Amino acid sequence: MSDLKELEEKIKKENLLLKDNAKNLVFGKGNPKADILFIGEAPGAKEDELGIPFVGASGKELDKLLQTIELSIEDVYIANILKYRPPSNRDPTTEEIENHTPYLLNQIDIIKPKVICTLGNYSTKFVLANFEVSKMKEIPGITKLHGKIKQIRNYNVFPIYHPAAMLYNPKLREVLKEDFLKLKDFLNQSSLKKTE
């Protein structure tokens, strides 16, 4: 698969778990040539309605956090572990993650990011388990891992709390801001600023 549009069309035809109860496929958004890929967990209600990731309340928070480090959606690409919304925003099952992540891996192969920012527990555990669902249980939670760069395969992986976390726990707002500043420092040192 050489192209994101082609991959998106292919997924639409697949009978993925969760598809029957969802309104729309939520594939991804942003710059397909970006050096930075953000991976969230799953679409919420607004994302399901519009078919676009991070357009609800947590998406607005992510936009603000990106602005604080002088980035915008033109500089990054954003996708999720799951391509369809789980009913009532429940946590994804292992079977759903196994069913959906091959397409996320296709997206990663096409985009070839230099940095993967994982947002929250599920994407962090999946990526840090070397993209193996069966090993996710071995990875500690985001509380221990956030704000620390890890190397997985050829990727710099930067785990961050999901922006939704600060909507439920306002104390995490400062932690997220600090982590984004660490990300900015890392990007500056790596000369990975904006995507031209």
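The values are calculated or read from the model by the stated rules, or taken from the named source; none is laboratory data. A quick note: this is a predicted structure, and the numbers were derived from the prediction, not measured. Glycine gets a Cβ as well: all are built from the backbone with ideal geometry, and neighbour counts include every protein chain shown.
Tally the residues that are touching a strand residue (DSSP E or B) at 6+ places or on another chain (Cβ under 7 Å) and either basic (Lys, Arg) or surrounded by fewer than 22 Cβ atoms within 10 Å (Cβ to Cβ) (or both), restricting the search to the stretch 76-110.
So the answer is 1.
Could you list, in sequence order, the residues of the stretch 121-173 that are closer than 19 Å to Lys184 by Cβ, exposed (fewer than 14 other Cβ atoms within 10 Å of the Cβ) and of a type in the set (Val, Ile, Thr)?
Within the stretch 121-173, just Ile149 meets the criteria.
Considering Thr118, Thr124, Thr101, Thr143, which residue is of a type in the set (S, T, N, Q), part of a helix (DSSP H, G or I) and touching a Pro at 6+ places or on another chain (Cβ under 7 Å)?
Among Thr118, Thr124, Thr101, Thr143, only Thr124 is of a type in the set (S, T, N, Q), part of a helix (DSSP H, G or I) and touching a Pro at 6+ places or on another chain (Cβ under 7 Å).
Taking Ile11 as the residue in question, decide whether it is surrounded by 14 or more Cβ atoms within 10 Å (Cβ to Cβ) and either within 30 Å of Asn188 (Cα to Cα) or without any contact (Cβ under 8 Å) to a residue 24 or more places away in the chain (or both).
So Ile11 does not fit the description; no.
Quick check on the stretch 37-53: of everything there that is among the hydrophobic types (A, V, I, L, M, F, W, C) and without any contact (Cβ under 8 Å) to a residue 40 or more places away in the chain, which residue is nearest to Pro92 (Cα to Cα)?
Ile52
Condition check: of a type in the set (Val, Ile, Thr), over 24 Å from Phe180 (Cβ atoms) and either in a loop (DSSP other than H, G, I, E, B) or out of contact with any Ser or Thr (no Cβ under 6 Å at 6 or more places or on another chain) (or both). Does Ile11 satisfy that?
It is true that Ile11 is of a type in the set (Val, Ile, Thr), over 24 Å from Phe180 (Cβ atoms) and either in a loop (DSSP other than H, G, I, E, B) or out of contact with any Ser or Thr (no Cβ under 6 Å at 6 or more places or on another chain) (or both).
Which one is modelled with the lowest pLDDT among residues in the stretch 142-196 that are out of contact with any helix residue (DSSP H, G or I) (no Cβ under 8 Å at 6 or more places or on another chain), of a type in the set (S, T, N, Q) and farther than 17 Å from Gly120 by Cβ?
In this case the residue turns out to be Thr195.
Identify all residues within the stretch 37-57 that are under 16 Å from Tyr161 (Cα atoms) and assigned to a helix (DSSP H, G or I); write none if there are none.
Ala57, the sole residue that qualifies.
Does Ile78 qualify as being under 23 Å from Asp3 (Cα atoms), aliphatic (A, V, I, L, M) and out of contact with any Gly (no Cβ under 6 Å at 6 or more places or on another chain)?
Taking the combined requirement at face value, the residue does not satisfy it.
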